[in-house]
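Written out below as structure tokens is the structure these notes cover.
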Amino acid sequence: MTKYTKQFKLHVVQDYLTSSLGFILIARKYQIKSHATVNKWVRQYQRFGVSGLEVRRPEKVYDGNFKVTVLNWMKTNQASITETALNFDISAPSTIWQWQRTFEDEGLDALFRNRGRSKIMSADKQGKKTKQPDELTRLRDENELLKIENEYLKKLKALAQSQVDNEHKSSKN
């Protein structure tokens, strides 16, 4: 059971859009704990219409290539996690935050790991399965992500160096 029905969300959104009240006052009026919730509903409604207010179940399982695409888009567009989630229709922005953290902590391969128990294949099927096209695609994606990571680290190093230089200049004065 969800906390808020689709009809309630729609009523709140329509009240926000037709009145001059802001997110905070609308949240107080309807006893919603956070004005960010109202903001999210309004943005989902504006982007996807009434269907954006529906509860989404079951949760989707995203493959590694999709995760890489999402993180790459977020970096190249300098978008926030919330904007990225809205752009890719991901219901929980925290999902993207987890992918980003996994990538930073464990690297690219961690994004391609499947959850749960792996399937055991018979010896006949293992020999017949060709991995070359999938492997090539994975390596290309990995190469692209490594380039992005390298760019990020270079910029981080330059930023740190400029801060050190600024500290030296200020200490000399």
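The values are calculated or read from the model by the stated rules, or taken from the named source; none is laboratory data. None of the values given here were measured: they were computed from a predicted structure. We place every Cβ from the backbone using ideal geometry, glycine too, and count neighbours over all the protein chains shown.
For residue 147, the requirement of being basic (Lys, Arg), over 29 Å from residue 39 (Cα atoms), surrounded by 10 or more Cβ atoms within 10 Å (Cβ to Cβ) and at pLDDT 90 or above is met. Against the numbered list (1) modelled with pLDDT under 80; (2) under 20 Å from the mean Cα position of the chain (by Cα), residue 129 comes up short only at (2).
Number of residues in region 21-43 that are surrounded by 14 or more Cβ atoms within 10 Å (Cβ to Cβ) and polar (S, T, N, Q) equals 2.
Scanning region 1-20 for residues that are touching a Ser or Thr at 6+ places or on another chain (Cβ under 9 Å) and exposed (fewer than 11 other Cβ atoms within 10 Å of the Cβ) turns up nothing. The number of residues in region 21-57 being part of a helix (DSSP H, G or I) and either touching a Pro at 6+ places or on another chain (Cβ under 8 Å) or at positive phi (or both) comes to 1. Scanning region 21-74 for residues that are in contact with a Ser or Thr (Cβ under 6 Å, 6 or more places away or on another chain) and not β-branched (Val, Ile, Thr) gives 56, 74. Would you check if residue 46 is loosely packed, with under 13 Cβ neighbours inside 10 Å and under 29 Å from residue 140 (Cβ atoms)? Criteria not met by residue 46. Tallying residues that are under 17 Å from residue 62 (Cα atoms) and loosely packed, with under 14 Cβ neighbours inside 10 Å within region 78-95 yields 3. Of the residues 82, 69, the single one that is touching a Pro at 6+ places or on another chain (Cβ under 6 Å), assigned to a helix (DSSP H, G or I) and either of a type outside the set (A, V, I, L, M) or outside the structural domain of residue 146 (by TED's automatic domain parsing) (or both) is 82.
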